[in-house]
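Following: one structure in structure tokens, then a few remarks.
The values are calculated or read from the model by the stated rules, or taken from the named source; none is laboratory data. All figures in this text were calculated on a predicted structure; none of them were measured in a lab. A quick note on method: Cβ atoms are made from the backbone with ideal geometry, for glycine too, and the neighbour counts reach across all protein chains shown. Areas reflect the complete protein model, heavy atoms only, side chains present, ligands, DNA and RNA absent. Shrake-Rupley method; radii C 1.70, N 1.55, O 1.52, S 1.80 Å.
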Number of protein chains: 2
Amino acid sequence: MPQDAINDLLVAEARAGKQVVRLKGGDPFIFGRGGEEAEACRAAGVPVEVVPGITSALGASAAAQIPLTHRANASMVSFVAGQCKGLTEQDWSGLAGKGRTLVIYMGLASAPQIAEKLIADGLSPAMPVAVIENATRKAMRVLRAPIAGLAELVVRERVKSPALIVVGEVAGEAEPDLRALALELAQ
Amino acid sequence: MPQDAINDLLVAEARAGKQVVRLKGGDPFIFGRGGEEAEACRAAGVPVEVVPGITSALGASAAAQIPLTHRANASMVSFVAGQCKGLTEQDWSGLAGKGRTLVIYMGLASAPQIAEKLIADGLSPAMPVAVIENATRKAMRVLRAPIAGLAELVVRERVKSPALIVVGEVAGEAEPDLRALALELAQ
């Protein structure tokens, strides 16, 4: 359903006297188009309440135990969307690098272009990357490589969506044995 | 309690055979030092599970109905901490600007320096800023100005902590009448 049709539906149902809940995965204001839907409702005189949620970057990094900020090596964190469409026009310079964490949503299909783009922007080819596949699910995997090896990692490990890419020193920390932890915690 | 003492306490209580819950406001991995605490536990052989939370940027922006990303004017969002300590050494260049949203945690006390720093980095003095004070509380206020007027706004309106600063085009959207909405929704 195109976004305009969703907006129209929200307004129409509200005008019909219903309480409408628009339920989304993640957070409605982080790559969720919640802003557009709220605008459409307000423009139509429909009052809106926005309830925040756990966006993928927070949920996946908690599950993988990769802190997005860290006093030792990340004083800032940025979120971008890495779909192929429009990727080359996006200016990401400065978002990744020493002391900063970059989280890429929906970046799996364009992983080779993303790595190229970041390295061309001056990022060290040795900067650690973690790919969190199937976060919080039983089949979760946390795969690590230097950014220069990201494209090869994705192919070699046959990484599938959903997957989140974390670029920065925090991604290079020693990996906790999440499977062993889960077992121990379940006891 | 200094961070090291907190880490030691977590480990000591776990070793005494207890299930320890370390409860934090917001998200433990966004300016929450959760990474350090998890590391300390893992280093001591204590298994850790990390539960994500709603970080202030998400909670406050939902309450103020300011989307952090928007297809029309924000394809990326960054979070930084604006305490006075270490502010001048932090390189924020490129985090604020056209098409990008910058959220500043704990930036109230250093608001004048923050505005100066961003403008010196090339940000337009006309770039909209929103200050969200007391987000989600009854006394919540959403105050807006161009970044060049941020320092004056904070003084004039006597803004107090807790307050979150949002810099970017998304902060300049027409303000919904949140009080009227809250009243209508409460009926």
Across the range B:51-91, which residue is nearest to A:Met106 (Cα to Cα) among those that are within 8 Å of chain A (Cβ to nearest Cβ), under 12 Å from the mean Cα position of the chain (by Cα) and not hydroxyl-bearing (Ser, Thr, Tyr)? B:Val77
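Return the only residue of A:Ala130, A:Ala126 being aliphatic (A, V, I, L, M), over 26 Å from B:Ala72 (Cβ atoms) and part of a loop (DSSP other than H, G, I, E, B).
Working: A:Ala130 fails: part of a loop (DSSP other than H, G, I, E, B).
It is A:Ala126.
What about A:Ala111, is it more than 23 Å from B:Ile104 (Cβ to Cβ), in contact (Cβ under 8 Å) with a residue 40 or more places away in the chain and of a type in the set (Gly, Ala, Ser)? Spell out how you get there, then give the answer.
Values: more than 23 Å from B:Ile104 (Cβ to Cβ): yes; in contact (Cβ under 8 Å) with a residue 40 or more places away in the chain: yes; of a type in the set (Gly, Ala, Ser): yes.
Yes, satisfied.
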Determine if the range B:51-59 includes at least one residue that is in contact with an Asp or Glu (Cβ under 7 Å, 6 or more places away or on another chain), β-branched (Val, Ile, Thr) and open to solvent by less than 10 Å² (accessible area, probe 1.4 Å). yes
Under 7 Å by Cβ, and 6 or more places apart or on different chains, what pairs join a residue from the range A:68-97 that is within 23 Å of A:Gly32 (Cβ to Cβ) with one that is acidic (Asp, Glu) and open to solvent by 40 Å² or more (accessible area, probe 1.4 Å)? A:Trp92/A:Asp121
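Does at least one position in the range B:76-86 carry a residue that is touching a Gly at 6+ places or on another chain (Cβ under 6 Å) and among the polar types (S, T, N, Q)?
Applying the first criterion (touching a Gly at 6+ places or on another chain (Cβ under 6 Å)) to the range B:76-86 yields B:82.
Still in the list and also among the polar types (S, T, N, Q): none.
No, every residue in the range B:76-86 fails to be touching a Gly at 6+ places or on another chain (Cβ under 6 Å) and among the polar types (S, T, N, Q).
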Would you check which residues across the range B:1-42 are more than 14 Å from chain A (Cβ to nearest Cβ) and touching an Asp or Glu at 6+ places or on another chain (Cβ under 8 Å) and list them? B:Leu10
Return the residues of the range A:88-103 that are open to solvent by less than 10 Å² (accessible area, probe 1.4 Å) and assigned to a loop (DSSP other than H, G, I, E, B); say none if nothing qualifies. A:Trp92, A:Leu95
So which residues in the range B:56-81 are within 23 Å of A:Asp91 (Cβ to Cβ) and part of a loop (DSSP other than H, G, I, E, B), if there are any at all? B:Ile66, B:Pro67, B:Leu68, B:Thr69, B:Arg71, B:Ala72, B:Asn73, B:Ser75
Of the conditions (1) open to solvent by 10 Å² or more (accessible area, probe 1.4 Å); (2) under 13 Å from A:Val166 (Cβ atoms), A:Val77 clears all except one; give me its number. (1)
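Go over the candidates A:Ala62, A:Ala43 one by one and state the one that is crowded, with 21+ Cβ neighbours inside 10 Å, without any contact (Cβ under 8 Å) to a residue 24 or more places away in the chain and out of contact with any Lys or Arg (no Cβ under 9 Å at 6 or more places or on another chain). Give the derivation first.
Values: A:Ala43 fails: crowded, with 21+ Cβ neighbours inside 10 Å.
Criteria check complete, one pass: A:Ala62.
Considering only the range B:92-102, how many residues are of a type in the set (A, V, I, L, M) and within 10 Å of chain A (Cβ to nearest Cβ)?
2
Being open to solvent by 10 Å² or more (accessible area, probe 1.4 Å) and more than 29 Å from B:Gly107 (Cβ to Cβ) narrows it down to one of A:Met106, A:Met127, so name that one.
Values: A:Met127 fails: more than 29 Å from B:Gly107 (Cβ to Cβ).
Within the list A:Met106, A:Met127, the selection yields A:Met106.
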Going through the range A:14-38 one residue at a time, which ones are open to solvent by less than 60 Å² (accessible area, probe 1.4 Å) and not in a loop (DSSP other than H, G, I, E, B)? A:Ala14, A:Gly34, A:Gly35, A:Glu36, A:Glu37, A:Ala38
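Please go through the range A:109-123 and pick out each residue that is buried (at least 22 other Cβ atoms within 10 Å of the Cβ) and in a helix (DSSP H, G or I). I'd like the intermediate steps shown before the answer.
Kept after step one, since they are buried (at least 22 other Cβ atoms within 10 Å of the Cβ), are these residues of the range A:109-123: A:111, A:114-115, A:118, A:123.
Answer for the range A:109-123, where residues must be buried (at least 22 other Cβ atoms within 10 Å of the Cβ) and in a helix (DSSP H, G or I): A:Ala111, A:Ile114, A:Ala115, A:Leu118.
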